[in-house]
Each structure stands twice: as C-alpha cells, then as structure tokens.
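Every read-out reported here was derived from the displayed coordinates using simple, explicitly stated rules and does not represent laboratory data. Computed from a predicted structure; not experimentally measured. Virtual Cβ from ideal backbone geometry, glycine too; neighbours counted across all protein chains shown.
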Amino acid sequence: MSRQFTRRHFLKTSAIAATASQVTWGGIVRGDNASPNDKLNIAIIGPHNRGHSNLVGVQHENIVGICDVDANFLEKEAAPFPDAKRYRDFRKMLDELEPKIDAVVVSTTDHVHAPATVMAMNMGKHVYCEKPLTHTVAEARLVAELAKKTGLATQMGTQIHATDNYRRVVELIQSGAIGPVRDVHVLMGKNRWRDGRFNTGKPVPSQLDWELWLGPATKRPYTDNVHPANWRSFWDYGMGVLGDMGCHLIDLVQWSLDLGRPSVVWAEGPAPHAVGCPAYVEAHWEFPARGSLPPVTLNWYDGGRQPAVAKQFKNADGSPIKFGNGVLFVGDDGYLFADYGKRMLLPVEKFGSFTPPQPSIPKSVGHHQEWINACKTGSPTTCNFDYAGRLTETVLLGTVAYRTGKKLEWDAEKLTATNAPEARDFLTKEYRKGWILG
C-alpha cells in the first residue's frame, strides 16, 4: 500500500462511515427489542498477556470466537470457553462470525490495532481496543472519525481511567487547588531499548504463524526477539516506552486540563535508530489556551530521567521525596503529584490543613463494564475513540518529533507538520500487500 493509496483509502473509509452514520448502531446490534440483560456475543482478537485481562473483563458475556497467531496461547486462553470457535487469522474470524458477533475486543500488537478495529467497525461491531489506539497518528484520526460517524460503542484500554484516584486528581486540578496549571511533567522509569537488531536465522516455532504475526508490517524472516514480549522495542510493531505507557499517564493530564491537540511538539534523546526504539525520550508538547485555561507545556521523561523540579520536594521530616512513575502538575499556587494509586499536594507544609473538594465525578462501574453497558444501551464511555484518538495522537506525535529531530509546528486540522514535510514518513506507514484498513 503506497502512502498515496493510504490517503485515498482514508477518504474511502470516511465515506463508508458517513453512509453508515445514517443508520447508527446505538446499543446492542441484534435488534431494538434486545434487553440490556441480554449477553453480548463477543469476539476476542489476542487473548494473552494484556489480552488475558481484557478477556477476563468481558468473560461474563458470550465469547463466541477467540483468535491468536500463537497456537499455544490460543489453546490456553480458549480452554475455559469450549463453545467459542478458534481462529488464527482475525480476518477469517470476523468474516465467518459476522452475523453472530455484536462486539470485538482487540488486544494485539500495536501495529495490528487499526486493521482489526477498522474492519470490525466497518461491519457495525462495537470495539474495545488496547492502548495506544493505533500505531500511527493518521490511523488514530481515521479510527476516531469512523467511530464518531458510526456511533458504535468504543473504549480504549486505559484501565486506570476508571480508578477513584484519577477522579480525585481531576477534581483537585479543576477546582483550582493549585491554581492555573501551565506546566506538567510526566515521569516514567521504563526502558525499552535492547540493541535495535532483529535476531534472524532460527526456525519459526511450530505454534506461531509468523506471517500472520507480521500482519501489515514489512515482510522479514522470523525474528526470535520480538514475540511475545519485546515487540514494543521496535518501530515496526510498537513505539517504545512512550507508546507503551504514554496513554496511561498522559490520560490524566488530558482529562484534568481538558487538552485538545498540541500546536508544537519536540523531543530529544539518543540518536534515532532506524529499527529499534530509544533508551530514553524527553518529549514536549505545547497546547494552546482553552477558554479561560492558560496554555500548557506538557513534558515527558522516560528511561528514569527526571527534571530538576521533581527533585526539590521534601517530606514533613525534611527527607527528600522521591517520585516514581507519575505526573507532576505545576500550578501558580502549588504542585500536585499523582501516580496510579496516590496523590499529594506540595509543598507539604503549605497543604497540611487543606480540605479537598467533595467528590463530584461518579464512581466508575468498571472500565470494561462501561463499554459493555454502552454496547447494550448506548450509554457513554469515558475513553471512547474520540477521546482516545486525541490522546493517542498526542502520544505518537512525540515519537514523530523524536524521529524527525525537529520542533514540529503542528496543524492538527490538516494532520501535518507545516515546517517538516518529512514528518509524513512517520505520521503514516505503508501496509504490505494483502493488508488494508477496511
């Protein structure tokens, strides 16, 4: 698939979606008379690793099909569901089970997210997809627009979004506890770098369909250092630590500060490698003002790196506070640090007697349950593909800026870096023959 064809196909898919939107799939797709108590018929694409948790999250519905390119994983995860048909190729599963399927869960490698998701949505199926929503910025925009036009129930797998802690942080920020926020620092200790080389020369394991594992990616001989756990270290299949963890942590920033799309993006790190993702990235995004909210600079640090501002705080006893993975909001009147499970207002001595606002964001029924309810009744989800698409675009733009080595002036409406036409090579990608978005 040429990049020109990718654009034409984007327009074609959008046209299909526009037609589909005239008959919106609101609620369960098996008929208007279906009860919210009826069980969904769900197909699972990728049931192992992260996919296992997603399978568990929807296991109380009817699992009618399970697909995995690895026969060992397929056998293990499908065993509790003897009535589910087993497949190696998700395209065959969706084609054969289309009349029966109501919804699809996608938990594949990043580079297969968009093909599986778009195929399912074009069939009128509700979709839950793991983070990041897609492998490229262009795919994220296409998937978000398709979801909006079809009205299908969608949810991206940022499960932390459903926790009480994230809700309390959003309330603190939006109530003005630390004043207007102009800078945010996101800290992540992970390192995805290995050596940037594909280990070839070994035979394909008998349980693995290597051709299907590659999917739309460049055809290459079997590589024994990508499946099942290290694929995020390679640009062809993942986007390093930023692609892996960015949606979880930056989600809190986007939600708290009502961020739209950035206007400027830049990043630095080791010299970019053509094959392997870097040992660390420091990425930065500038977001314009939103109504009465001031402009915001968002900063990302992975590989254990941290800015000086994160090293200045002390506990009540004078010992230094050591931040792990999390988000440091910098307000005009103070600071707030939050991770998945806790939050703290800083400096400690200033907020010792602070009374937080009364909880106002309702407790989640559960991240997977939100989506299941939406499939059945048309109720909203908090990480629908409109929200998740913007979040994914932001995250992936950081990798684009890093790979181009330029400070990108971003025109979100036109989906282009106005000062760096070469960025287009990383905003989209070529699909190999036999793989399309459709």
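Tabulated results
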quantity	calculated
GluC sites (Glu not before Pro), loop per DSSP, at most 15 other Cβ atoms within 10 Å - longest free stretch of the chain	1-348
Between helix 367-377 and the chain: long-axis angle, C-alpha atoms, 0 to 90°, nearest 10	50
Label-point separation in nm, ASP333 to ASP183, each point 7 Å along Cα→Cβ	2.0
Hits among lysines - C-alpha to C-alpha of LYS322 under 21 Å, sequence gap 8 or more where chains match	LYS190, LYS311, LYS314, LYS342, LYS350
Computed [θ] at 222 nm, helices only, for the chain once each DSSP H run of length n ≥ 4 contributes -39500 (n - 2.57)	-10000 deg cm²/dmol
Karplus (6.51, -1.76, 1.60) ³J(HN,Hα), θ = phi - 60°, over the range 280-287, in Hz, Gly and Pro reported as x	7, 9, 10, 10, 9, 10, 9, 10
Packing-based exposure ordering (other Cβ within 10 Å, fewest first) of PHE313, PHE234	PHE313, PHE234
Total charge dipole magnitude, the range 82-179, about the Cα centre, Cβ charges on Lys, Arg, Asp, Glu only, Debye to nearest 20	40
Neighbour net charge for THR109 - beta-carbon separation under 13 angstrom, K R +1, D E -1	-3
³J(HN,Hα), Karplus 6.51/-1.76/1.60, whole Hz, each residue of the range 322-330, x for Gly, Pro	9, 7, x, 5, x, 10, 10, 8, 10
Spin-label zone in the range 199-243 - amide nitrogen under 17 Å from a point set 7 Å from the Cα of HIS273 along the C-beta vector	199-200, 223-227, 229-243
Gain on full stretching of the segment that runs from ASP425 to ASP95 - 0.36 nm per residue minus C-alpha separation	115.6 nm
The chain - share of DSSP beta bridges that are antiparallel (%, nearest 5)	60
